[in-house]
1. Only helices at least 15 Å long along their axis, Cα-based, and averaging -1.0 or more on Kyte-Doolittle count here, so list those DSSP H runs from the chain.
2. Per DSSP H run of at least 4 residues, take -39500 (n - 2.57); add these up for the chain, divide by its residues and hand me the 222 nm value, nearest 500 deg cm²/dmol.
3. Measure off 7 Å from each Cα along the Cα-to-Cβ vector at residue 245 and residue 207, then give the distance between these two points in nanometres to one decimal.
4. What number does segment 307-346 give for Rg over Rh if you use C-alpha atoms and the Kirkwood radius?
5. How about residue 60: which aspartates and glutamates have a C-alpha closer than 17 Å to its C-alpha, ignoring those fewer than 8 places off in the same chain?
6. Would you compute, for the Cα atoms of segment 279-348, the largest minus smallest coordinate along each principal axis and list the three values in descending order, in whole Å?
7. How many nm is it between the label spots at residue 91 and residue 377, if each spot is 7 Å from the Cα in line with the beta carbon?
8. Could you work out the equivalent-ellipsoid semi-axes for segment 182-258, taking the square root of 5 times each eigenvalue of the Cα gyration tensor, largest first, in whole Å?
Amino acid sequence: MLRPQDSRTRDRKRLDGLWGFALDRDGLADGREMAVPASYNDIGADPERRDHIGEAWYQKQVVVPSGWLGRRVHLHFESATHRARVWVGDTEVVAHEGGYTPFAADVTDLAVPGSTITITVAVDNTLTFETIPPGVVEQTPAGPRQRTWHDFFNYAGLHRSVSLHCTPVAHLTDLTVTTDDTGLVHYRTTATDAGDLTTRVTLRDAAGVTVAAATTAEGTLSVPDARLWQPGEGYLYQLTAELVDGDGRLVDEYRQSVGIRTVEVRGNRFLINGAPFHFTGFGKHEDTAVQGKGHNDAYLLHDFELLDWIGANSFRTSHYPYAEDVLDYADRHGIVVIDEVAAVGLNLGLGAGVFGAPGYTTYGPDTINERTRRTHEQAIRELIERDRNHPSVVMWSLANEPESDNAAAEAYFEPLFALARDLDPTRPLGFANVAQATPDRCRVSRFADVLMLNRYFGWYVLPGDLAGAELAWEQELHEWATHHKPIIITEYGADTYPGLHSLAAEPWSEEYQNAYLEMNHRVFDRIDAVVGEHVWNFADFATTPGIQRVGGNRKGVFTRDRQPKSAAHLLRRRWRKEN
Ligand code: GCB
């Protein structure tokens, strides 16, 4: 599936803005409204909507442009969290599972140019043991409660753009590009209804000068003296794929930006274009006040400005695929991305009262089972299909902190790694390993090319005892280093209440966050295999209520409204010097 775009042969009409909204279908007549994109949870003042479980209904009337006569009309959703059913008029046109990847329907027969159509969407936020991420709805005396095993608020709704777009009847349907730092660009296109049309491919540099061209649907272009896509310098070429008829007339056109680069793991080094890369940055969230997980261009820009200010060269899309605009920006500006599947919380024993629950076994016929694995597989397919052309994406993370220290985990993950490797042999694979799965116990790390460790020595382990934490942390890292793989610390952090100060550097104070980070950095600097440090988290974010969460998770280096805690200055001093 190709993302909608405007081109010489294609038109995109965004349907963002206000839609009709209700928590049940009949309520659509009541005239309530909802912003798209946005999570619906925090828009209203009523707890009923914030804590709603089940379908929420969206509706919009749309005029189909009369100029689209004779074309194919598609309805496209960048995401619907966590699943959706969509109707045009009374006809169901598409259903989709998974909250962070796009889906579309060909609605040509229903969306007659010049007519007005009614689009209705039911977005369901229910999580079960067979969804990614998993959850369970528990029946309590006070009514149903959605339990999840992930530490962020279960925001739901239409979080990203919705659009109606048109293509010619004969059109390109897919385009894959892989590159290497010798200047080779391999491409593959597919098309539908193309008959004897031919495919023409042109690669231009950033100044618009043609550097290579071909007239086959699939092939390899060679770029002499290719200017590489580099961390910090997102140089992009533009590939234009065209379908042309026998007289050379253009039938369809699709444009794709291309960053030429190689990613490779060699020994305990992570190489980009053959040079060792050290990741500095954060695990982030898509999370802002009022809009929840709704995409917002102003926050997109502001967050990237702050990453630049602090000297971060990378981030992880913890714990789900982010909006495609985010990756486009990272491509253009040379920001390195670890792209994560929404498989967070496959660890039902985790939490010790924070967000876990007693009484569930992670892997079993009634919990994380074969059907969960199939949903997980589909989430991997959709992530790789969506993001494989982004040069900024340098590796895939297949899960966050799954239970990984037993045979059931090994059996669950082995085929998932095999699938991802098969779908994309060009990028290293990993998953964020949880503290309990120490080097001697973890049964899944063997499938990973890169060790991604989430560790909280000095916070969840030995809180307040940074000297003890330093010893224990270094000891564990030395053990991981014997695996001869690069190690990225994908989480380390301490909750910090902004404005709380303590001369004795007690937990929750800004002084403690600083001392905690300094301790971690001393340890990292002593271990050769550590090739990256991603602080948890970029900014404070909303969570499910809990006694360890004070107005959400406070491990942000920035507050939720993006003001720096004093740790931001500490990181800026370290990272700007390093880069
Ligand atoms: C973790 C999780 C992350 C949490 C974090 C915390 O290990 O991966 O989602 O938010 O710890 O702050 O507890």
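1. Span-like helices, by this rule, are 297-310, 407-423, 466-481.
2. -6000 deg cm²/dmol
3. Using points 7 Å along Cα→Cβ, the separation is 3.7 nm.
4. Numbers: Rg = 11.1 Å, Rh = 10.9 Å.
Radius of gyration relative to Kirkwood radius: 1.02.
5. Candidates past the 8-residue exclusion: 16, 24, 26, 30, 33, 78, 90, 92.
6. The principal-axis extents, from largest down, are 38, 30, 20 Å.
7. So the label points at residue 91 and residue 377 sit 3.2 nm apart.
8. They are 25, 11, 11 Å, listed largest first.
No lab work stands behind these numbers, since they all come straight from the coordinates. Treat the numbers as computed from the prediction; the structure is a model and nothing was measured. Every residue, glycine as well, gets a Cβ built from its backbone with ideal geometry; the counts of neighbours run over all protein chains shown.
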